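Peer 1: Right, I'll just put the structure down here and ask away after.
All of the numbers you see were taken from the coordinates with simple rules; none came from a lab. Just so it is clear, the structure is predicted and the values come from calculations on it, not from any experiment. Here the Cβ positions follow ideal geometry from the backbone for every residue, glycine too, while neighbour counts run over all protein chains shown.
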Amino acid sequence: MRRAIYPGSFDPPTLGHLDVIERAARLFDELVVAIGVNTDKAPFLPADDRLALLKECTSTLDNVKVTTFQGLLVDYARSVECGVLVRGLRAVSDFEYEFRVAMANRKLDPSIETVFLITRDEYSFLSSTVVREVARLGGDPSGFVPEPVARFIVGRRG
Ligand code: ADP
């Protein structure tokens with residue numbers, strides 16, 4: 001049984017995240033999408049909403065589970081018996097940060113491997129930061145995020 005974790009903030013989930021989820025779900029028997037809950041930073045979307053939206057967006061992928069976690073990722077990975085961390089790479093600019101995080105995680109737990117997946121090129125410009133900015137300025141987020149997420153963001157405006 002090959003189980004992997006795809007951790008992130010997913011604030012909000014984007015089409016780039018979904019692309020990585022679909023790719024990883026094909027590579028592993030089970031994929032746990034793990035939303036990191038950081039209590040000292042006010043999020044754009046509350047963790048419960050990110051959880052519900054990611055569940056809705058992945059409902060047709062039978063081997064994908066969505067959860068939240070707090071604290072150290074390697075501790076959480078061990079607790080759910082996952083030996084592989086999946087991260088997405090958009091551009092060379094992601095590499096330096098992702099490399100540092102992967103090295104830190106390897107130091108913390110040498111048994112856990114990090115695997116990088118490269119998204120489709122049309123999503124390589126996409127980040128949650130861009131979507132938050134578009135949403136804040138009243139723009140249409142539907143080209144950037146899965147349909148349930150776009151509906152939710154627009155619905156919140158009232
Ligand atoms: P974090 O706050 O942990 O960086 P994010 O939710 O921003 O979490 O991203 C989670 C992971 O998904 C990271 O590895 C990030 O590089 C990757 N990612 C984000 N957007 C994209 C995208 N458009 N294409 C590929 N990977 C992406």
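Peer 1: So for Leu61, Leu137, Leu27, fewest C-beta neighbours within 10 Å to most, what's the order?
Peer 2: Working: Leu61 16, Leu137 7, Leu27 13.
Fewest to most other Cβ atoms nearby, the residues stand as Leu137, Leu27, Leu61.
Peer 1: Now, a different point. What trypsin sites (Lys or Arg not before Pro) does the range 1-71 have in DSSP loop regions with at most 10 other beta carbons within 10 Å?
Peer 2: Values: sites: Arg2, Arg3, Arg23, Arg26, Lys41, Arg50, Lys55, Lys65; in loops: Arg2, Lys41.
Here the trypsin sites (Lys or Arg not before Pro) that fit, given the DSSP loop and packing criteria, are Lys41.
Peer 1: Right, here's the next one. Taking neighbour Cβ counts within 10 Å as the exposure measure, how do Met1, Met103 sort from fewest upward?
Peer 2: Neighbour counts put them in this order, fewest first: Met1, Met103.
Peer 1: For the range 43-128, what percent of Cα pairs sit more than 16 Å apart?
Peer 2: Cα-Cα pairs of the range 43-128 separated by over 16 Å account for 65 percent.
Peer 1: Can you figure out the FRET efficiency of Arg78 with Arg120, using R₀ = 41 Å and their beta-carbon distance, to the nearest 0.05?
Peer 2: 0.80
Peer 1: Give the order of Tyr6, Tyr97 when sorted by the count of other beta carbons within 10 angstrom, beginning with the fewest.
Peer 2: In increasing order of surrounding Cβ atoms, one gets Tyr97, Tyr6.
Peer 1: Determine how many Å³ per residue the convex hull of the Cα atoms of the range 80-122 encloses.
Peer 2: Spelled out: Cα convex hull of the range 80-122, divided by residues, is 67 Å³.
Peer 1: Amide H of Ile118 versus every other amide H placed in the peptide plane: which residues, excluding those fewer than 5 positions away on the same chain, fall under 5 Å?
Peer 2: The answer is Leu89.
Peer 1: Okay, next question. Excluding Leu85 itself, calculate the net charge of residues whose Cβ lies under 12 Å from the Cβ of Leu85, where each Lys or Arg counts +1 and each Asp or Glu counts -1.
Peer 2: Around Leu85, the charge tally is +1.
Peer 1: Let me ask something else about it. Which of Phe69, Phe95, Phe144 moves the most in a Gaussian network model of the chain with Cα springs under 10 Å?
Peer 2: Taking springs between Cα atoms under 10 Å, the residue moving most is Phe95.
Peer 1: Here is a follow-up. Tell me the net charge near Tyr123. Cut-off is 12 Å between Cβ atoms, Tyr123 excluded, with +1 for each Lys or Arg and -1 for each Asp or Glu.
Peer 2: Details: positive: Arg23, Arg90, Arg120; negative: Asp19, Glu22, Asp121, Glu122.
It works out to a net charge of -1.
Peer 1: Let me see the P(r) profile for the chain: every Cα-Cα distance counted, bins of 5 Å, each bin given as a percent of all pairs.
Peer 2: Bin by bin from 0 Å, the calculated values are 2, 9, 19, 21, 22, 16, 8, 3, 1, 0.
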